[in-house]
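Here is the structure we will look at.
The values are calculated or read from the model by the stated rules, or taken from the named source; none is laboratory data. All values derive from a computational prediction rather than experimental measurement. Ideal geometry is used to build each Cβ from the backbone, glycine not excepted, and the neighbour counts take in all protein chains shown.
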Amino acid sequence: MKKGIRIFLMIVVVVLVFAGVQWVPNIVNQMQEKKDLGQAVITKDSTSKKNIGMQLSYAEKMDILSASPNQLYLFKTKNKNQLLEYDGKFFEKLNTQLKKFTELKIMDFSRLSKNLEKSFKQASYYSIQQEYGTNGFPIWILSFSYKNSDYWIGFDLALEKILYFSAEGGEPLKFLTRNHVSEKAGAAKFIKRIKRKLEEYYGAKWEKESYSHDMIARLILVQNIAVFSNKNNSVVPVRTVIWENPTAGKYSNIKISLGGIASEDDFDMSGSLYSNGYADSSTSSTMK
């Protein structure tokens, strides 16, 4: 009798173990899918709170960018459907702004615009916060790769504005070559032209600008100061960096950033920027 019970219990255990092997992975996968799916919803809900910034005005966000804000990493996704769950017109809204940059000839995003969703690699979500974290707003840093070019776009979905972009490779090389950016003089002329376009895009006035040119690193750094029209007359640093591809021997990289916003490419994921994401000690020419 006891032997029969033991055999019966062994059979039950085997059945349960087998069932567990079959069910557990499915349960784990379902839980992960729910977590991923819920991430966009939770994020959207959380950004309705004022301290994250969905309710902040353009002027208030410029005030934050004018005061050396902190950039806090929150999460990353490689699933473009999460962005569409967050906002069904996410890529459409971003594409509208990319086309504006192309029309204004700040950067040629025409090929990327036509292949935006296919070129998507990942999106990182950050909070841009005042020094003491009392106020802030979210920004998406999206990574794209098309043909022989890589792009990082910092997009404020609430404002529907691009606050950061970095581009390198074949398409930026063609764009900079068309604009005769092959030396310091050409770069200075190019910056003077696009600054008027940036004024138009951001609704700002330029207060002053300064140039730093490192012959060894082949890097041109332009520090523009933008005065935004609001009650506090916020002064926001706008950095434009053009640098050479060491293997190609030509200027093929360009980056424009408001208030020190940086992509994962120049962000160390711990909350601090590498010299604001632009230059280390080897390229730290004095700004005048």
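Structure notes:
- In this structure, V21 does satisfy being loosely packed, with under 13 Cβ neighbours inside 10 Å, out of contact with any helix residue (DSSP H, G or I) (no Cβ under 8 Å at 6 or more places or on another chain) and at pLDDT below 55.
- Considering the range 129-143, the residues that are among the small types (G, A, S) and crowded, with 16+ Cβ neighbours inside 10 Å include one that is farthest from the chain's Cα centre (by Cα), namely G136.
- Pick from the range 185-241, criterion of a type in the set (G, A, S) and surrounded by fewer than 20 Cβ atoms within 10 Å (Cβ to Cβ), ranking: modelled with the lowest pLDDT: A217
- Output for the range 86-122, where each listed residue is over 26 Å from K174 (Cα atoms) and either surrounded by 17 or more Cβ atoms within 10 Å (Cβ to Cβ) or touching a Cys at 6+ places or on another chain (Cβ under 8 Å) (or both): Y86, F90
- Counting only helices (runs of 4 or more DSSP H) that fall entirely inside the range 51-168 and contain at least 1 residues that are touching a helix residue (DSSP H, G or I) at 6+ places or on another chain (Cβ under 6 Å), the qualifying elements are 80-86, 90-103, 110-114, 116-119.
- Contact map, the range 90-116: first residue free of Cβ contacts under 8 Å to residues at least 24 places away in the same chain, second residue part of a loop (DSSP other than H, G, I, E, B) and among the acidic types (D, E), Cβ cut-off under 7 Å, separation 6 or more or different chains; pairs are T102/D108.
- Evaluation of N81 against (1) buried (at least 18 other Cβ atoms within 10 Å of the Cβ); (2) farther than 27 Å from F190 by Cα; (3) of a type outside the set (A, V, I, L, M) (one fails), failing number: (1)
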